[in-house]
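Written out below as structure tokens is the structure these notes cover.
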Amino acid sequence: MNQGNKNTDPNSRFISANAIEEARKEREDAWKRAYDNTEGEQGAPEQEYDPRTLYEQLQEQKRKKTETYEESRRYANQIRKLDTDEVEFLDTVDDEEGKRYTEVRRAEAEQLAKFKDDLAAAHDSSRSRISNNNSGNNSGSNSKQRIA
């Protein structure tokens, strides 16, 4: 018992009924506060009474679960077969891209062949100039030597 609940008379060994009643009420209030705190944390509300059988309740839960699953999968299964118009359009796009690719490859091949021909012609002309210069230098140097 709390010191405040006892009689103030130090010679008295008895506790009054009022003090006992106050202590009991304090304990009840403390228990109620503790119970309210734990109930609020756990949040376990009582379920309302359902007159249906357990089988009916379980069937309802199963139906709701199936509906939510189907709802979630409805948009995931939007894959469908292409119709003929879509197939034709995609075929024409693919053909056009193939033609463009072929044309680009052909143009590149033509430019590469022209470059190789120009390079070979430049190489041949530089060889012929070098050989002409070498042969011209030899005959020119001989003529200079003769004049001198």
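Can you tell me which residues in region 69-85 are at pLDDT 90 or above and surrounded by 10 or more Cβ atoms within 10 Å (Cβ to Cβ)?
Y69
If you take the residues in region 17-57 that are of a type in the set (S, T, Y) and at pLDDT below 85, which one is nearest to the chain's Cα centre (by Cα)?
In this case the residue turns out to be T38.
The values are calculated or read from the model by the stated rules, or taken from the named source; none is laboratory data. Computed from a predicted model, the values in this text were never measured in an experiment. In this analysis, Cβ positions are derived from the backbone assuming ideal geometry, glycine residues included, and neighbour counts consider all displayed protein chains.
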